[in-house]
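Below is one structure, written out as structure tokens; comments come after it.
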Amino acid sequence: MPLIKVQTSLPTPERDQIEAMLKDLSSSLAAHLGKPESYVMTAFEGDVPMTFAGTTEPVCYVEIKSIGTMGAKTKKMSADFCTKIEDTLGVPKSRTYIEFADAAGTMWGWNGSTFG
């Protein structure tokens, strides 16, 4: 059930560019977590009013959620995803926050049930 959601203050790029980025993030998240990509969900929101460090310069907020413990994997994931977002959207790594959240299986529903 891993999820990666990207929000940015930038206008939404062309659909094919966003879809390519989301597919790349999906396969990368599955690889980092050692989970099947068939359970990975991605989402993108552009044009979100945001500030960072008191300015409205381009900024990104990324949520990564997964059942289980990401623990020591978060440093590598942060480096990887910040680079991918900077390369695709042009938002500097220094203006990107990533929130990693471990979820209990009982707190994540799918297909009429939960994962725990």
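Computed from the coordinates by the stated procedures, all read-outs in this text should not be read as laboratory data. Predicted model only: the values in this text are computed from it and were never measured. Note that we place each Cβ from the backbone using ideal geometry, even for glycine, and neighbour counts take in every protein chain shown.
Need one number: % antiparallel among DSSP beta bridges in the range 3-114, to the nearest 5. Of those bridges, close to 40 percent are antiparallel.
May I ask for the net charge around PRO58, where only other residues with Cβ less than 13 Å from the Cβ of PRO58 are counted and Lys, Arg are +1 while Asp, Glu are -1? Could the numbers behind the result be given before it?
Details: positive: LYS93, ARG95; negative: ASP47, GLU57, GLU86.
Value of the local net charge: -1.
For helix 15-33, what angle does its Cα long axis make with the longest principal axis of the chain, in degrees from 0 to 90 and rounded to 10? So the helix axis and the longest Cα principal axis differ by about 50 degrees. Between PRO36, CYS60, MET21, the Cα set farthest toward the positive side of the dipole of the chain (charges on each charged residue's Cβ, about the Cα centre) is that of PRO36.
Only helices enter this figure: runs of n ≥ 4 DSSP H residues, each worth -39500 (n - 2.57), summed and divided by the residues of the chain, yield -10000 deg cm²/dmol at 222 nm to the nearest 500. One equal scatterer on each Cα of the range 3-114, no solvent, Debye formula: the resulting log10 I(q)/I(0) at q = 0.22 Å⁻¹ is -1.25.
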